[in-house]
Structure formats: C-alpha cells, structure tokens
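Participant: Got a structure here, written out as structure tokens. Questions coming.
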Amino acid sequence: MARSKKQAEISYLEEARRASSIFPHGELVPQEKPDFLLRAESGTIGIEITELCREKPRAEAASLSKVPDKAKTIYNRKVHAQTMDVSAVFSVQAESIKFNDLTTSLAEFVYRNRSSHRSVFTHPRDLPNGYYHIYIGNKLRNPMGRWHATRAFGVAQAAKELLQSCIAKKNLRLLEYRLSAPEVWLLVINDPFLGPGAVYTRPEDLAKWKFDFKFEKVLLFLREPIRGSQVIELQRA
C-alpha cells in the first residue's frame, strides 16, 4: 500500500532531523497549515514541507499511474478472463498517447496473451504503443491479481529558477502559516529518487545562490541515503 502524503512528510522530516542539528529538540505535531509544529523549549516553530521537482513529468506520471487499475477493470469484463499478475513499464512515448488508448491496449494485450507460454514481452513489435516491457503471470501475489506499471525516468540538475519558484509558491501562504506559529521554516525536499520529475542540486551551487523569501529559515534537505544526506540552509537575497 502506498504511503499517504502525511506519512511521507513525517518520514522526510524525521530523516532531516537525524541528518542535521539545526532542528531543536522537541515534540513534532502534525497539522495542515503549516504541515508540522515543532514544540521546542525556545518556542513553537511551524514547519512547512514541499518537494523540489519538475512539475510536468510529475503530473504525467500521476496520470499514468491510473492506467493499470483501469486496464484491469476492462480486462475483467471480458469472457473467460483469467486472474493475472501484470507488470508493465511505460516507454518514453507513453506521455503522447491518450489515456484511454493506453488502458484499452494493455487490457487487450493481456487478454490475447493470457494463455501464452511466454510471460515476458519486450520486443517492440510485440508490444502496444507506449509500452517498453510487459510481464503477465498467473503465480499470483494477490488472489485478485495485481496490476501495476512504472515509468523510466531521468534525473535533471535543478536550476536556481526552479528552486526560487518552489519557494515563491509557499511564500504566498506564509501569513496563513503564522496564525499557528510566530516562527515558520520551509523545508524543501530534494529527493533524486522521487521518480519522474526528480532533480538534483549541488551543494557548491547552493553556497553561491541567494533567494527571495520571508520565512525565518528555508532549508533544503538533500536526501542521499547512500552517500549521506545533508540539510543546507539557503541564503536570503
């Protein structure tokens, strides 16, 4: 089961607190505006969390994530449909293909190959448009069958303008956040393993850049579980 948005935010914030002593000790209280209150000895700090990403690829991936369930529904309506596990990988062309075409073609493909001696299909001539890889199997992980799909993605280097735009959107809501806490921090999550739309920032660039913001602190959590995560306080312009 996918984590909820709040669970993901808690996980990110706890990781950031372990990675940096900039956060004071205190009780962390989840809420909505801002996302958390940190009740420290020195007072309450509001912490708003946002993710740094390229929005267009992220939105496209969100739409594609709905394809497997819809395709499964279409497939299950067919006569003599067998319960299957289906795993697909979208090709780079998927974003240019209509949602209904992706769902229908996947359902039809699985139906045609439900009794095939093959379980893995990777050759372009065998696959419907928009797919790079499809697995069909009857060794079920779930009695109802599990259909899911992923999309290949690249990680781009973040420009200063992308980070400033991310901060600016939250700046607009700062007065609302201050109704819950007199001091408010913005924590920007830079997770290069986020999926489609992921970006990476370089600490040497962040050391030179300055940003326009009204938060007491803007922190960037550079999440790198293998090489070591770090929290970087961004400079005010």
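Participant: I need every pair where a residue in the range 18-39 that is hydroxyl-bearing (Ser, Thr, Tyr) has its Cβ under 9 Å from the Cβ of a residue that is outside any strand (DSSP E or B), sequence separation at least 6 or different chains.
Facilitator: From residues that are hydroxyl-bearing (Ser, Thr, Tyr), the pairs are SER20/SER229.
Participant: Please specify each residue of the range 143-183 satisfying the condition of being among the aliphatic types (A, V, I, L, M), out of contact with any Gly (no Cβ under 7 Å at 6 or more places or on another chain) and farther than 11 Å from ARG54 by Cα.
Facilitator: Correct list: MET144, ALA149, ALA152, ILE167, ALA168, LEU172, LEU174, LEU175, LEU179.
Participant: Sticking with this one: Since ALA16 meets every condition but one in (1) in the same structural domain as ALA168 (by TED's automatic domain parsing); (2) farther than 14 Å from LEU187 by Cα, which condition does it not meet?
Facilitator: (2) is the only condition that ALA16 fails.
Participant: Which residue is surrounded by the most Cβ atoms within 10 Å (Cβ to Cβ), if the candidates are limited to the range 5-17 and must be of a type outside the set (A, V, I, L, M) and in contact (Cβ under 8 Å) with a residue 40 or more places away in the chain?
Facilitator: If we take residues in the range 5-17 being of a type outside the set (A, V, I, L, M) and in contact (Cβ under 8 Å) with a residue 40 or more places away in the chain, then GLU9 is surrounded by the most Cβ atoms within 10 Å (Cβ to Cβ).
Participant: Something else about it: Within the range 37-92, can you find the residues that are at pLDDT 90 or above, under 21 Å from PHE221 (Cα atoms) and among the charged types (D, E, K, R)?
Facilitator: Answer for the range 37-92, where residues must be at pLDDT 90 or above, under 21 Å from PHE221 (Cα atoms) and among the charged types (D, E, K, R): ARG39, GLU48, GLU51.
Participant: Can you pull out the residues in the range 25-53 that are outside any strand (DSSP E or B) and surrounded by fewer than 16 Cβ atoms within 10 Å (Cβ to Cβ)?
Facilitator: Of everything in the range 25-53, those that are outside any strand (DSSP E or B) and surrounded by fewer than 16 Cβ atoms within 10 Å (Cβ to Cβ) turn out to be HIS25, GLN31, GLU32, LYS33, GLU41, SER42.
Participant: With ALA107, ALA149 as the choices, which residue is within 22 Å of the chain's Cα centre (by Cα), modelled with pLDDT of 85 or more and of a type in the set (A, V, I, L, M)? Even if it seems obvious, please write down each step before you answer.
Facilitator: Values: ALA107 fails: within 22 Å of the chain's Cα centre (by Cα).
When all the criteria are applied, what remains is ALA149.
Participant: Of the numbered conditions (1) closer than 16 Å to ARG54 by Cα; (2) assigned to a helix (DSSP H, G or I), PHE193 satisfies every one except a single condition; which is it?
Facilitator: (2)
Participant: Based on this model, can you work out whether GLU14 counts as under 13 Å from the mean Cα position of the chain (by Cα) and closer than 28 Å to ARG227 by Cα?
Facilitator: Values: under 13 Å from the mean Cα position of the chain (by Cα): no; closer than 28 Å to ARG227 by Cα: yes.
Judged against the criteria, GLU14 is not a match.
Participant: Report the residue count in the range 193-237 for those that are free of Cβ contacts under 8 Å to residues at least 60 places away in the same chain, surrounded by 14 or more Cβ atoms within 10 Å (Cβ to Cβ) and within 30 Å of GLN93 (Cβ to Cβ).
Facilitator: Residues flagged as free of Cβ contacts under 8 Å to residues at least 60 places away in the same chain, surrounded by 14 or more Cβ atoms within 10 Å (Cβ to Cβ) and within 30 Å of GLN93 (Cβ to Cβ) within the range 193-237 amount to 1.
Participant: So for the range 48-61 (the condition being closer than 30 Å to HIS148 by Cβ, in contact with an Asp or Glu (Cβ under 6 Å, 6 or more places away or on another chain) and touching a residue at least 40 places away in the same chain (Cβ under 8 Å)), does at least one residue qualify? Walk me through how you get there before you give the answer.
Facilitator: Residues of the range 48-61 closer than 30 Å to HIS148 by Cβ: 49-61.
Next, from what is left, pick out any that are in contact with an Asp or Glu (Cβ under 6 Å, 6 or more places away or on another chain): 49, 60.
When the remaining residues are screened for being touching a residue at least 40 places away in the same chain (Cβ under 8 Å), the result is 49, 60.
For the range 48-61, residues closer than 30 Å to HIS148 by Cβ, in contact with an Asp or Glu (Cβ under 6 Å, 6 or more places away or on another chain) and touching a residue at least 40 places away in the same chain (Cβ under 8 Å): present.
The values are calculated or read from the model by the stated rules, or taken from the named source; none is laboratory data. This one's a predicted model, so the numbers in the text were calculated from it and none came from an experiment. So basically every Cβ, Gly included, is an ideal-geometry build from the backbone, and we count neighbours across all protein chains shown.
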